[in-house]
Every structure is written in structure tokens, then in C-alpha cells.
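The values are calculated or read from the model by the stated rules, or taken from the named source; none is laboratory data. Note that the structure is a prediction, hence the values are computed from the model and not measured. Neighbour counts run over all protein chains shown; Cβ positions are idealised from the backbone, glycine included.
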């Protein structure tokens with residue numbers, strides 16, 4: 001359930017017992033201070049940030065969508081949001097790669113989870129879109145923790161309602177532009193086809209990164225191109241390197257409003273075993289994080305991180321990777337705001 005941001009003034013943190021345990025800067029309420037409270041103690045909000053009801057305003061919100069009824073292989077991504085939050089306890093406040101303290105520059109909050117129907121994909125999609133639209137009326141930027149990739153469609157509906165058609169940078173092993181699966185139009189393999197058909201995407205500014213593995217047919221790629229996507233495959237990424245991938249993305253999206261969708265299976269299974277449809281030959285976590293840092297130069301409006309399935313995760317390898325993806329996206333947003 002989303003907790004609405006109050007219109008009342010921000011609480012007087014000096015009068016609250018936990019105030020001494022939080023880092024604050026420039027009026028923003030940040031993380032629980034790890035020098036006062038051990039990282040393994042207390043509630044596991046994302047990066048141990050305040051809940052949305054604990055502040056009077058927010059620049060960015062982290063929202064969980066524990067839904068995986070659209071998966072076509074291994075289930076379990078419904079437990080992804082809580083796993084990513086638990087894995088984010090070690091995140092510290094300063095990003096040396098971007099030279100920014102994202103939680104000092106931005107008021108970032110955890111907006112809890114959307115409660116969705118696990119038995120009806122249609123009802124779940126409606127609930128996710130409604131929740132995202134409501135939250136975007138109060139908070140300009142949204143980072144969503146999935147859940148399976150089905151959730152990207154209602155999120156894109158909400159962002160397109162606020163910004164018009166958006167450019168999408170999609171990190172994934174798979175295109176996710178298939179038409180149907182077992183006759184179903186809404187699955188984790190179809191969100192970007194539906195989004196393109198609905199006019200939610202700026203077809204001149206969308207790109208996939210990390211695509212690899214077998215396809216059903218060569219027409220998968222030609223149909224994908226017709227929906228507005230360019231592709232940087234994982235084999236291409238080897239020759240391009242991080243700098244080359246960054247340039248391809250920048251050339252494609254320009255100054256358009258950009259929505260970033262990160263399926264954690266874009267990473268090689270060695271770096272992200274905890275996912276439902278793993279494919280060999282993926283990006284390393286270092287490569288992915290390096291590319292995401294360049295988004296400080298893009299017009300970043302929102303993002304999701306999906307397909308984290310903790311039942312297949314060993315030692316939080318996947319959860320930690322996903323938590324760092326979220327941290328780099330928020331850092332890029334903060335760095336971009338600082339530069340503008």
C-alpha cells in the first residue's frame with residue numbers, strides 16, 4: 001500500500017528518538033547512521049532511507065511491486081523487492097565514481113510496496129498503473145523494485161501520462177517484445193511490444209543492451225526493430241566496451257525523457273544467479289554499473305529493476321548487484337540534477 005506524502009511540514013526530527021541516528025544534509029533526511037546503528041539492525045528500507053510518511057516532501061521514491069504472475073519459467077521475483085532492500089543495507093552515502101552524495105542532494109524515500117492481485121494479471125496491471133500515477137503526482141522520480149518484467153508496462157503508462165512518449169533504455173538478456181505466450185498478451189516477455197503498440201514509447205529513442213542467447217526465429221529481431229528498438233547485443237558489448245555502449249545509448253536517446261528498465265538477467269549468471277530466465281554470456285556487474293553512471297548526462301525520469309528471484313540467489317550475489325544498480329541510478333539522477 002502506498003503511503004501518501006503529507007502536505008504538512010516535515011517532522012521536527014530533533015524531537016524524535018531516531019533523529020540522532022539519521023544522516024541529514026541541507027534539509028534532506030538521509031540514511032540511518034551506520035556509525036550509530038549497525039547495518040544489520042532495524043527495518044530494511046532501501047539503503048535504510050526514511051519511509052515516505054516520515055518526511056514532508058520527496059524528490060525520488062523507491063517503490064516495491066512484489067508481483068511475478070507473468071513469468072514463463074522460474075517463479076520467485078515476487079520476493080525481489082524485500083530481497084533487494086535487505087541487500088541494500090551496506091550502501092553508503094557517498095558515490096566516489098560520480099563524486100556525489102545522492103541522499104544529500106535529493107530527498108529519497110521508500111514508498112513501501114504496492115499490494116497487487118497475484119491471481120489476475122489484468123487487475124495487477126491496473127493497480128500498478130494507478131499506484132504509480134498517484135505517486136508521480138507527488139514525487140517527480142520513481143525507482144521501482146520488481147517483481148517480474150510485466151510491471152514495466154503499467155509503469156510506462158504512468159510515465160507516458162506525465163511526460164508523453166518516452167525513450168527506453170532496456171538492459172536485458174531478452175528482447176521482451178514478443179507478441180503472446182500461450183495466448184497471453186501480458187507476460188514478462190511482452191511489455192515493450194504492448195508499450196510500443198500503445199504509443200507509450202518514442203520509437204526514435206529506444207534501445208536494448210545486453211541481448212543474447214537463442215531466439216524463436218530471426219523475425220524476432222526484425223519485428224523488434226519495427227517496434228522502435230535498436231540493439232546492443234552482449235557479443236557487441238565485448239568489442240564496444242563500456243565507453244562504446246555509453247556512446248551508443250547517448251546517440252540514440254539524445255535529450256529525450258529517458259526511462260531505464262534493468263532486468264537483472266542482463267548480467268551473466270556468475271554475477272546474478274538469482275533470476276528466473278538466466279542466459280550465459282552476459283555483462284559483468286562492473287560493466288553495467290559503469291554504463292549506468294553515464295546516465296548523469298541523460299534526462300532520466302524513472303527506472304525499474306526487475307526479475308530478482310531470491311530463492312536462486314546465493315550469498316545475496318544478485319540482491320547486492322540489484323541494490324548497487326539502484327544506488328547508481330539514484331546517484332546519476334542526483335549528479336544530473338546538480339549539473340543542471
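Here residue 238 clears all of (1) closer than 23 Å to residue 286 by Cα; (2) in contact with a helix residue (DSSP H, G or I) (Cβ under 9 Å, 6 or more places away or on another chain); (3) modelled with pLDDT under 95 except the condition numbered (2). Can you tell me which residues in region 209-226 are within 22 Å of residue 260 (Cβ to Cβ), surrounded by fewer than 17 Cβ atoms within 10 Å (Cβ to Cβ) and touching a helix residue (DSSP H, G or I) at 6+ places or on another chain (Cβ under 9 Å)? 213 - this is the single residue of region 209-226 that is within 22 Å of residue 260 (Cβ to Cβ), surrounded by fewer than 17 Cβ atoms within 10 Å (Cβ to Cβ) and touching a helix residue (DSSP H, G or I) at 6+ places or on another chain (Cβ under 9 Å).
Applying the set (1) out of contact with any helix residue (DSSP H, G or I) (no Cβ under 6 Å at 6 or more places or on another chain); (2) part of a loop (DSSP other than H, G, I, E, B) to residue 337 leaves exactly one unmet item: (2). If you go through region 277-295 and pick out every residue that is within 15 Å of residue 322 (Cα to Cα), in a helix (DSSP H, G or I) and in contact with a helix residue (DSSP H, G or I) (Cβ under 8 Å, 6 or more places away or on another chain), you end up with 8. Of the set (1) farther than 15 Å from residue 167 by Cα; (2) surrounded by 17 or more Cβ atoms within 10 Å (Cβ to Cβ), all apply to residue 258 but (1).
Residues in region 28-40 that are exposed (fewer than 13 other Cβ atoms within 10 Å of the Cβ) and either touching a residue at least 12 places away in the same chain (Cβ under 8 Å) or touching a strand residue (DSSP E or B) at 6+ places or on another chain (Cβ under 9 Å) (or both): 36, 40. Contact map, region 116-130: residues that are within 15 Å of residue 156 (Cα to Cα) paired with residues that are assigned to a helix (DSSP H, G or I), Cβ distance under 7 Å, separation 6+ or inter-chain. Pairs shown: 125/153; 125/154; 128/151; 128/154; 128/155; 129/154; 129/157; 129/158.
Scanning region 183-199 for residues that are in contact (Cβ under 8 Å) with a residue 12 or more places away in the chain and on the phi > 0 side of the Ramachandran plot turns up just one, 199. Checking each residue in region 197-211 for being part of a loop (DSSP other than H, G, I, E, B), under 15 Å from residue 163 (Cα atoms) and in contact with a strand residue (DSSP E or B) (Cβ under 9 Å, 6 or more places away or on another chain) picks out 200, 202, 203, 205. Only one entry of 193, 252 meets the criterion of being part of a helix (DSSP H, G or I), over 25 Å from residue 148 (Cα atoms) and at pLDDT 95 or above, and that entry is 252. Count of region 92-122 residues, restricted to those that are farther than 12 Å from residue 330 by Cα and surrounded by 22 or more Cβ atoms within 10 Å (Cβ to Cβ), is 4.
Does residue 274 satisfy the condition of being over 18 Å from the mean Cα position of the chain (by Cα) and either surrounded by 22 or more Cβ atoms within 10 Å (Cβ to Cβ) or at positive phi (or both)? Even if it seems obvious, please write down each step before you answer.
Details: over 18 Å from the mean Cα position of the chain (by Cα): no; either surrounded by 22 or more Cβ atoms within 10 Å (Cβ to Cβ) or at positive phi (or both): yes.
So residue 274 does not fit the description; no.
Scanning region 164-181 for residues being assigned to a loop (DSSP other than H, G, I, E, B), within 14 Å of residue 70 (Cα to Cα) and in contact (Cβ under 8 Å) with a residue 60 or more places away in the chain gives a total of 1. Can you spot a residue in region 141-162 that is farther than 19 Å from residue 330 by Cβ and free of Cβ contacts under 8 Å to residues at least 24 places away in the same chain? The answer is no, given that none of the residues of region 141-162 is farther than 19 Å from residue 330 by Cβ and free of Cβ contacts under 8 Å to residues at least 24 places away in the same chain.
From the list 303, 322, the one residue that fits, being under 15 Å from the mean Cα position of the chain (by Cα) and assigned to a strand (DSSP E or B), is 303. Within region 270-292, one or more residues are free of Cβ contacts under 8 Å to residues at least 12 places away in the same chain and closer than 27 Å to residue 141 by Cβ.
Cβ-Cβ contacts under 6 Å between residues 6 or more apart (or on different chains), taken from a first residue in region 74-95 that is in contact (Cβ under 8 Å) with a residue 40 or more places away in the chain and at positive phi to a second residue that is buried (at least 22 other Cβ atoms within 10 Å of the Cβ) and in a loop (DSSP other than H, G, I, E, B), are listed as 76/309.
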